[in-house]
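For reference, the structure is listed below as structure tokens.
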Amino acid sequence: MALIVRERRVRTRALPPLGGDTPGLLLAALGVAAALAVHQAVPAVPKLTAAVVLGVAAAHLPGLRPVVRGAARPGLSTAGRRLMRIGIVLLGLKLGLGDVLGLGWATVAMVLAVVAATFAGTCWLGRRLGLPGDQPLLVATGYSICGASAIGAVSQAAGSDEEDVAASVALVTLCGTLAIAVLPLLQHPLGLDEAEFGRWVGAGVHDVGQVVATAQTGGAEALREAVLVKLMRVMLLAPLVAGVALTARRARARTRSAADGVAAAGASGGPAGGPVGKRPPLVPLFVAGFLAMIALRTTGLVPEPVLRLAGDAQELLLAAALFGLGSAVHLPTMARTGGRIALLGLGSWVMVAGVSYTGVLVTR
């Protein structure tokens, strides 16, 4: 009997404990499976929306909270950061320059105006409301470009705080989900035909999945127009991220120069400041990959089965990333600025819907 006990102990010690990113990545995988199950049961709920909500729930359930805040935290943070970047690269395979330019220059100009007005207006309103950190920037990005995917991309370039990212994703996801129910009710009162309704949805709804869910209520033509306009907005993600990266790089350079100046003033004849750190790239690597995938798709050389497989992989990766981001949401912290961020969300929602509707009327 003693020999058996010792053998069992040896076997137990031989099994390495799970550590590092493994527990969090396993939990994210379970979260993705649960999100897929929710979408299968209720098709109106997009997979990415379900992933965010489940991540928030996991962070607050008494049984899971210690795991999410403890052993699983490194892996969940990795999912929210690295898997998000890979998913954004694969998103480029959904875009082709020919399809977008086929909409005509008037529609292209309309989309540019909607994105610029929404981004600038939301940033201004967020600062006026006194929202902390990068929340105004991230919410503006999500509303003007492509929801949670854009927030993830810009947060990587700006080095945003994880809680700011999670709060912004939660808000944009909530408002985009509400659009699925509200916008179809407004199609006929606003006098929009199928194509116009599709362009309005494509220009004014945040996430690609939410655009599809909303536009399909207007018919096949509405869905086609909505997807093309939406993908045109997604194409603006790369220049926006490059601009944010450049701004963040200059801000870090100013901070470093100021710190070197203080060090030089306090030094007695020594060199001013320490060694200069490695500069971040002007265009993040995942943005370069995103652009490369657009170029590859435009060549027409990628077989359709490969595109479908990449699309499925992209959704799974983004779902895992959004589960990780959702798990970083701390509702008591959000409650302290909840009224202000909710007001920003409502104001930005009205703004993007109004500007995009005006653009559709102008380009009739």
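Computed values, structure above
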quantity: Criterion (out of contact with any His (no Cβ under 8 Å at 6 or more places or on another chain), of a type outside the set (Ser, Thr, Tyr), open to solvent by less than 10 Å² (accessible area, probe 1.4 Å) and in contact (Cβ under 8 Å) with a residue 40 or more places away in the chain) met by exactly one of GLY126, GLY142, GLY121; calculated: GLY126
quantity: Tally of residues being under 19 Å from VAL182 (Cα atoms) and of a type in the set (Lys, Arg) across the range 209-246; calculated: 1
quantity: Checking LEU64 against (1) at pLDDT 85 or above; (2) open to solvent by 60 Å² or more (accessible area, probe 1.4 Å), the condition it does not meet; calculated: (1)
quantity: Options VAL276, VAL329, VAL302, VAL287: the member that is outside any helix (DSSP H, G or I), surrounded by 12 or more Cβ atoms within 10 Å (Cβ to Cβ) and at pLDDT below 85; calculated: VAL329
quantity: Selected residue [within 18 Å of the chain's Cα centre (by Cα) and at pLDDT 80 or above] from ALA195, ALA158; calculated: ALA158
quantity: Where a residue in the range 340-364 is within 23 Å of GLU196 (Cα to Cα) and its partner, wherever it lies, is charged (D, E, K, R) and at pLDDT 90 or above, with Cβ under 6 Å and at least six apart; calculated: VAL360/GLU196; VAL360/ARG199
quantity: Whichever residue in the range 176-192 is within 25 Å of the chain's Cα centre (by Cα) and either within 16 Å of VAL114 (Cβ to Cβ) or not in a helix (DSSP H, G or I) (or both) and, among such residues, is modelled with the highest pLDDT; calculated: LEU183
quantity: Residue that is in a helix (DSSP H, G or I), aliphatic (A, V, I, L, M) and at pLDDT 85 or above, where the choices are LEU91, LEU48, LEU138; calculated: LEU138
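The values are calculated or read from the model by the stated rules, or taken from the named source; none is laboratory data. In this text, all values refer to a predicted model and were calculated from it rather than measured experimentally. So basically every Cβ, Gly included, is an ideal-geometry build from the backbone, and we count neighbours across all protein chains shown. Note: areas computed on protein heavy atoms with side chains; ligands, DNA, RNA excluded. Shrake-Rupley method; radii C 1.70, N 1.55, O 1.52, S 1.80 Å.
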